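Inspection log for the structure reproduced underneath, given as structure tokens.
The values are calculated or read from the model by the stated rules, or taken from the named source; none is laboratory data. Source: prediction; values computed, not measured. Virtual Cβ from ideal backbone geometry, glycine too; neighbours counted across all protein chains shown. Remember, those area values only see protein heavy atoms, side chains included, never the ligands or the DNA or RNA. Shrake-Rupley method; radii C 1.70, N 1.55, O 1.52, S 1.80 Å.
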Amino acid sequence: MSSSTGADSPEASKSAPDSKIDHAASLKYWNDMPATSSGMLAMLGEYPWYSRIDLRGSRAFLAKVRRLLPSCSTTGKLNQGVDCGAGVGRITEGFLSQVCEVVDVVEPVAKFTDVVRESSLKQNGIVGDIYTVGIEGWNPEKKYDLIWTQWCVGHLTDTQLVEYFKRCRDALTDTGIMVVKENQSTDISGEDMFDEVDSSVTRTDEKFRKLFAEAGMTVFLSEIQTGFPKNFRLLPVRSYALRPNS
């Protein structure tokens, strides 16, 4: 990883992986995907076990987070959650609806939010407000006990991501938690990796922690998702539990 001084220089910024992000290309990629849970996992759609392992790991991680926070109840559902980068609601349906009374949805692709809007979760009042907007343009209008952000921040530049984290920080309740769950870079030089296929960046653990700090957020728990078969050589997935700096 480059030093902070070098990474902030104009020369480094021009060549930084996040400078290659094309939001229009990202939206086109996802608009071309089927509006299904397997479509949300793109090339991993043929591995249904992947989603089960992911959701099980998320439930275990959040349970541990709630035990570690003295101010957070370990029993019962959280009042208000939000699924950021929700797609068709795979995480809302498979996990968040079981730990939150109401879950809002933030997702830029209209055909995906249409699926959520027509779901039984919406009809039953478990899904609350639906925002068809990218997280870079989402301005929270309420306070949340849980802001869950997974597999979408790679489409934001570093600057956009810091601003997003700041808005989320200010949208947390007094005992609220933000969780960011993302793939981790495996670049041998310790750099972020740009993916031309969906115009996204896979960041290093070091970069994530730098951006969290810039946004005034503290990481109080971080874990690598376990359970994925090693022979598939998948990118490591890390969860971060965040609270505003005290």
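Listed values, structure above:
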item	result
Qualifying residue in the stretch 122-139 (condition: within 21 Å of residue 243 (Cα to Cα), part of a loop (DSSP other than H, G, I, E, B) and in contact with a strand residue (DSSP E or B) (Cβ under 9 Å, 6 or more places away or on another chain))	yes
Flag if residue 102 is closer than 26 Å to residue 31 by Cβ, aliphatic (A, V, I, L, M) and either in contact with a strand residue (DSSP E or B) (Cβ under 8 Å, 6 or more places away or on another chain) or surrounded by 19 or more Cβ atoms within 10 Å (Cβ to Cβ) (or both)	no
Residues of the stretch 66-84 that turn out to be touching a Cys at 6+ places or on another chain (Cβ under 8 Å) and buried (at least 22 other Cβ atoms within 10 Å of the Cβ), as a count	3
Pairs with Cβ under 6 Å, 6+ apart, first in the stretch 8-22 and open to solvent by 60 Å² or more (accessible area, probe 1.4 Å), second at pLDDT below 90 and outside any helix (DSSP H, G or I)	22/199
Whichever residue in the stretch 141-185 is over 16 Å from residue 211 (Cα atoms) and in contact with a Ser or Thr (Cβ under 6 Å, 6 or more places away or on another chain) and, among such residues, is surrounded by the most Cβ atoms within 10 Å (Cβ to Cβ)	145
Flag for residue 104 being among the acidic types (Asp, Glu) and under 17 Å from residue 239 (Cα atoms)	no
Residue 213 being of a type in the set (A, V, I, L, M, F, W, C), modelled with pLDDT of 95 or more and surrounded by fewer than 15 Cβ atoms within 10 Å (Cβ to Cβ)	yes
Residues that are at pLDDT below 90 and not in a loop (DSSP other than H, G, I, E, B), drawn from the stretch 219-242	230, 231, 232
Test for residue 58: is it in contact with a Lys or Arg (Cβ under 9 Å, 6 or more places away or on another chain) and touching a residue at least 40 places away in the same chain (Cβ under 8 Å)	yes
Near pairs, Cβ below 6 angstrom, 6+ apart or cross-chain, from the stretch 176-188 (touching a residue at least 40 places away in the same chain (Cβ under 8 Å)) to any residue that is open to solvent by 20 Å² or more (accessible area, probe 1.4 Å) and part of a loop (DSSP other than H, G, I, E, B)	183/235; 184/236
